[in-house]
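This report concerns only the one structure given below.
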2 protein chains.
Amino acid sequence: MISYPKSVKDLIDQLSKLPGIGQKTAQRLALHIINMSQAEVKAMAGALVDAKANTHYCKRCYNLTDEEYCGICKNSKRDFTTVCVVDSPRDLMAIERTREYHGVYHVLHGSISPLDDIGPDDIKIKELLTRIGSESIQEIILANSPTIEGESTAVYLSKLLSSFDLKVTRIAHGVPVGGDLEYADEITLVKAMESRHPL
Amino acid sequence: MISYPKSVKDLIDQLSKLPGIGQKTAQRLALHIINMSQAEVKAMAGALVDAKANTHYCKRCYNLTDEEYCGICKNSKRDFTTVCVVDSPRDLMAIERTREYHGVYHVLHGSISPLDDIGPDDIKIKELLTRIGSESIQEIILANSPTIEGESTAVYLSKLLSSFDLKVTRIAHGVPVGGDLEYADEITLVKAMESRHPL
């Protein structure tokens with residue numbers, strides 16, 4: 001059986017390392033890339049290297065930045081007494097898109113997951129404790145993902161933080177706005193019932 | 001509203017140019033790439049540039065190759081009197097995977113599609129005619145995709161080729177093996193009925 005030329009195969013292998021990109025998609029992308037102009041391919045390759053070279057973590061909150069501190073930590077209008085803990089920069093961006101949160105963040109870069117060999121020391125928990133020691137934080141909002149790993153990390157953090165003089169809260173679970181009750185899963189519905197509140 | 005650092009935004013923009021990669025997927029891929037090691041990112045960027053630089057079309061059949069002729073055209077055991085016309089190298093690979101076809105190919109690199117401004121001169125049709133003039137081809141199998149564009153291209157080619165002393169065939173339409181008749185669309189079923197043959 002014949003196969004693609006070596007350099008195409010190498011590209012397919014590289015692309016299929018990306019999350020959610022299987023062999024078939026990698027093939028489709030590789031053939032698209034080969035049909036792009038030389039300049040376009042160089043621009044794309046350059047963007048890969050540049051993004052890796054210029055991006056690092058914010059010294060305070062571990063969000064992505066190309067400077068010392070990220071745009072949020074540099075903004076003096078933000079409320080530095082409230083820290084929202086998130087799993088990833090993508091979750092941070094999701095909260096920013098609401099335009100309703102004015103505090104700052106702490107990005108953990110992962111969740112505790114014993115099955116994947118990720119323990120408390122593998123994510124930015126130590127760094128959060130350091131911040132609690134040096135900054136005047138009043139509330140920590142745990143916005144970890146509503147997955148098993150996220151929940152465990154939130155529970156772990158709430159226990160760890162109970163010894164500090166801090167308000168520790170967890171974002172609410174419930175039925176999504178605009179969603180159909182009928183399609184909500186059982187656990188979400190139970191949580192929504194438990195967290196019911198008077199109108 | 002805050003956004004990603006410029007180099008990350010650039011990478012997201014570049015990735016979202018790829019087919020089937022929207023803004024959300026591009027974001028996910030970009031953040032994955034930033035979490036890869038510097039060496040891994042360089043290898044991936046290098047693979048992009050190398051694949052583009054080293055890959056070109058086979059001089060005879062326009063399949064992808066990193067040499068003058070592709071592996072199929074270089075294989076003297078193949079039957080050079082039978083040419084299978086395909087839309088893309090991916091379709092060629094799909095037929096090669098069957099291990100049942102021993103002829104050679106001609107890759108058109110597209111289908112005639114007036115809506116996308118792709119005419120007969122924009123795909124490798126002239127090149128096919130040149131081959132018919134210079135090689136001793138006996139049969140042309142039209143394996144264009146079973147899409148509207150592919151069908152039109154096949155019809156166009158069959159008319160064009162009718163003036164030559166050649167057998168011109170089209171791959172059969174019908175219900176896929178292992179598929180459920182119930183789920184086959186109407187047009188496929190009609191074609192399958194029309195092409196029925198005695199057992």
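Read-outs: derived from the displayed coordinates by stated rules, not from any lab. What you see is a predicted model, and the numbers here were worked out from it, not measured in a lab. Every residue, glycine among them, receives a Cβ derived from its backbone with ideal geometry; neighbour counts consider all protein chains shown.
Summary table
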| read-out | value |
| --- | --- |
| Ellipticity estimate at 222 nm from DSSP helix runs (n ≥ 4, -39,500 (n - 2.57)) divided over chain A, nearest 500 | -12500 deg cm²/dmol |
| Folded to 0 to 90 degrees: helix A:148-161 orientation relative to chain A principal axis, Cα | 40 degrees |
| Beta bridges per DSSP with both ends in chain B, % antiparallel, nearest 5 | 20 percent |
| Proxy reagent accessibility, fewest Cβ within 10 Å first, across A:Thr55, B:Thr98 | B:Thr98, A:Thr55 |
| Averaged over A:79-92, number of beta-carbon atoms from partner chains that fall within 10 Å | 1 |
| Total charge dipole magnitude, the protein assembly as shown, about the Cα centre, Cβ charges on Lys, Arg, Asp, Glu only, Debye to nearest 20 | 800 debye |
| Other-copy label distances relative to B:Ser145, 7 angstrom Cα-Cβ extension, nm | 3.2 |
| Nitroxide proxy distance, nm - points 7 Å out along Cα→Cβ at A:Val177 and A:Glu139 | 1.7 nm |
| Innermost chain A residue relative to the axis carrying A onto B, by Cβ distance in angstrom | A:Ala45, 2 |
| For segment B:6-54: rounded, prolate or oblate by the Cα gyration tensor [a/c cutoff 1.5] | oblate |
| Other protein chain Cβ atoms within 10 Å, averaged over every residue that makes up A:33-40 | 4 |
| For A:59-71, mean number of other protein chain Cβ atoms within 10 Å | 2 |
| Percent of C-alpha pairs per 20 Å bin, the protein assembly as shown, short to long | 21, 40, 28, 11, 0 |
| Antiparallel bridge percentage (DSSP; both residues within the protein assembly as shown; nearest 5) | 20 percent |
| Counted charge near A:Ala39, where neighbours are those whose Cβ lies closer than 14 Å (Asp, Glu -1; Lys, Arg +1) | +2 |
| Per-copy distances of the B:Arg90 label point, shortest first, in nm (7 angstrom along Cα→Cβ) | 2.3 |
| Helix B:23-35 axis, angle to chain B major axis (alpha carbon atoms, nearest 10°) | 60 degrees |
| Distances in nm from A:Lys159 to the matching label points in the other copies, shortest first (labels 7 Å along Cα to Cβ) | 7.6 |
